[in-house]
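Just below is one structure, and these are the notes that go with it.
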Amino acid sequence: MKISFITTILNEEESIGKLLKSLISQSVSPDEVIIADGKSTDKTVDRIKNYELRIKGEGIVFKLIVKMGNRSVGRNAAIESSTGNIIVCSDAGCVLDKDWIKNIIKPFEGPQIDVVSGYYKGIAKTIFQKCLIPYVLVMPENVDKDNFLPATRSMAFRKPVWEKIGGFDEKYSHNEDYVFAKKIRNKFKIKFVKEAIVFWYPPRDFKNSFIMFFRFAYGDAEARIFRPKV
């Protein structure tokens, strides 16, 4: 397997260093790292360049591409630029468990699995964040491993899967990974791996939480997704 790690960014100067540090520390390294930047105006790119030599020093091919557009546009551009047959995805704002890549690619050792859905946990530094996490993430006791849809914060798939369904739909700027997952669910074999964990930092205040929930709701409306339990 040749593994390509991809992510998209836009003004992530506070979080991108944590993601890249955890990527460098993986027990199994990717063959290449591709970051699609939506033309950040803060110090995100400078932060990335601080890690570029360290990434290359691990023998990993590194690519930073600039692609204006929403996250679907960025993801498609990053995957188009990739040379791996296995694509692994996570997002800025996340930190990877040291065995994340090792665990998320393991099901691909057999030919039966096309897509792997990893898991995620929230990291709370305040009471507000601790209270917010159950409303945003699927708690362990609620996980249905046979119907757990992958999210781009912890997802892997064979590149032909992306090609066959036409990539991420660029019409959607929010919840595009949910649209992607719904497309693949009935066509490809998905494996849930609870040990493939990424850690996510929730918003720290009401204002940023409102923005997050607004984006979730907007994305569902945009994609005509109705989830009665949400």
- [ ] Search region 171-184 for residues being open to solvent by 40 Å² or more (accessible area, probe 1.4 Å), in a helix (DSSP H, G or I) and not hydroxyl-bearing (Ser, Thr, Tyr), and hand back the single one that is farthest from Cys131 (Cα to Cα).
- [x] Lys183
Task: Residue, surrounded by the most Cβ atoms within 10 Å (Cβ to Cβ), within region 61-113, restricted to residues that are of a type in the set (Gly, Ala, Ser) and in a loop (DSSP other than H, G, I, E, B) - done: Ser90
- [ ] Output the residue which, of all residues in region 1-36 that are surrounded by 23 or more Cβ atoms within 10 Å (Cβ to Cβ) and polar (S, T, N, Q), is farthest from Glu176 (Cα to Cα).
- [x] Ser4
Task: Any chance Lys39 is at negative phi and either crowded, with 18+ Cβ neighbours inside 10 Å or without any contact (Cβ under 8 Å) to a residue 40 or more places away in the chain (or both) - done: no
TODO: Return the residue satisfying two criteria in turn: it lies in region 185-230 and is closer than 22 Å to Ala92 by Cβ and among the polar types (S, T, N, Q), and of such residues it is surrounded by the most Cβ atoms within 10 Å (Cβ to Cβ).
DONE: Ser209
TODO: Determine which single condition Phe168 fails, assuming it passes every other condition in (1) open to solvent by 40 Å² or more (accessible area, probe 1.4 Å); (2) within 20 Å of Ile3 (Cα to Cα).
DONE: (1)
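The values are calculated or read from the model by the stated rules, or taken from the named source; none is laboratory data. Computed from a predicted structure; not experimentally measured. Please note: Cβ atoms are built from the backbone with ideal geometry, for glycine as well, and neighbour counts cover all protein chains shown. Heavy atoms of the whole protein, side chains included, go into the accessibility calculation; ligands, DNA and RNA do not. Shrake-Rupley method; radii C 1.70, N 1.55, O 1.52, S 1.80 Å.
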